[in-house]
1. Using the Cβ atoms and a cut-off under 13 Å, what net charge is assigned to the surroundings of residue 151, where Lys and Arg are +1 and Asp and Glu are -1?
2. For the stretch 58-66, in order, what is each residue's ³J(HN,Hα) by Karplus, 6.51 cos²θ - 1.76 cosθ + 1.60 with θ = phi - 60°, in whole Hz (x at glycine and Pro)?
3. Could you give me the ³J(HN,Hα) list for the stretch 128-133, computed from phi with Karplus coefficients 6.51, -1.76, 1.60 and θ = phi - 60°, whole Hz, x at Gly and Pro?
4. Rounded to whole Hz and in sequence order, give me ³J(HN,Hα) for the stretch 190-206 from the Karplus expression 6.51 cos²θ - 1.76 cosθ + 1.60, θ = phi - 60°, writing x for Gly and Pro.
5. For the pairs 185/253; 202/224; 211/255; 185/255; 211/257; 202/248, note any where the Cα-Cα span goes beyond 20 Å.
6. Given H placed on each backbone N at 1.01 Å, which residues far from residue 125 in sequence or on other chains put an amide H within less than 5 Å of it?
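Bear in mind these aren't lab numbers, they're just calculated from the coordinates by the rules spelled out. Just so it is clear, the structure is predicted and the values come from calculations on it, not from any experiment. In this analysis, Cβ positions are derived from the backbone assuming ideal geometry, glycine residues included, and neighbour counts consider all displayed protein chains.
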Amino acid sequence: MEIVKSILSFLSRKEVYGLAIIILVSIVLYHFGKIFIEKIIVSGKNAYERKKRRTIVNLISNIFKYIVFILAILFILDLYGVDTKALITSLGVLGAVLGLALQDTLKDFISGITVIMDNYFVVGDIVTFNDFTGEVIDMGLKTTKIKKNTGEVLVIANRNIDQIVNISQESANVVIDIPTAYEAKTERVEKTIAKIITEIKKLEGIKKEPKYLGISSLDDSCVKYTISIICPQDNQWQIKRDALKIIKTYYEKDKIKIPYNQIEVHHEQEI
């Protein structure tokens, strides 16, 4: 019984249950605050508008998280008898000193806000940083994450946004060389390519009618017929995959051969 009384006495102390309440309220406040922010901001008229608003949600959520955290710390300190008013005054002086010491971090914060305000790029855009091209998958107050189509993720400090090139709002020109056997008659191949282009036109995101550019090369084992597809940058890889599937399907249907390398193996026999 004494142990139970001791535990109840400990839990009934203001410093204990007050701490639990502050932490719980902070978690609930952040959770519902984030949901509220998403509901009033996320909806948009088109895909680009929705991407832009999603980026704003991420940024505001990050700011809101820091505000809730700072308020929780102040309430906890006040709970334990710390003079928070004097502390806030002291923090003003300390903030000036930290501002000089953390110039790069402050630049990251300011740049993160500038990116949104100036529509520099948003989550979902395709960007290039040096030789790295990928999709913006996350954007915080300090850093931006870019994911390459092969899976690598690059984390960039926001102060380096002047080195990032947004290519999403430009069109991509997907050029596909179709290797074809020499045995296939050119006229027959071009008829099949015309059917392929008609099918590619139906793909979502195609901006202009795909073009047949002609024969691009006569290689050792094949003739290469070339087509060009204009599409959005952020959809080019999927469109290329879909186009290749269409090409293979129609080549098989029209019995046109796509050459491939073959290796002959001899088991110590005279040739």
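1. Summing Lys/Arg as +1 and Asp/Glu as -1 gives +1.
2. Couplings: 4, 5, 5, 4, 5, 5, 4, 4, 5 Hz.
3. Result, ordered by residue: 10, 10, 6, 9, 9, 10 Hz.
4. These are the phi-based 3J(HN,Hα) values: 5, 5, 5, 5, 4, 5, 4, 4, 4, 6, 5, 4, 7, 5, 5, x, 5 Hz.
5. The answer is 202/224; 211/255; 211/257.
6. Here 136 satisfy the definition.
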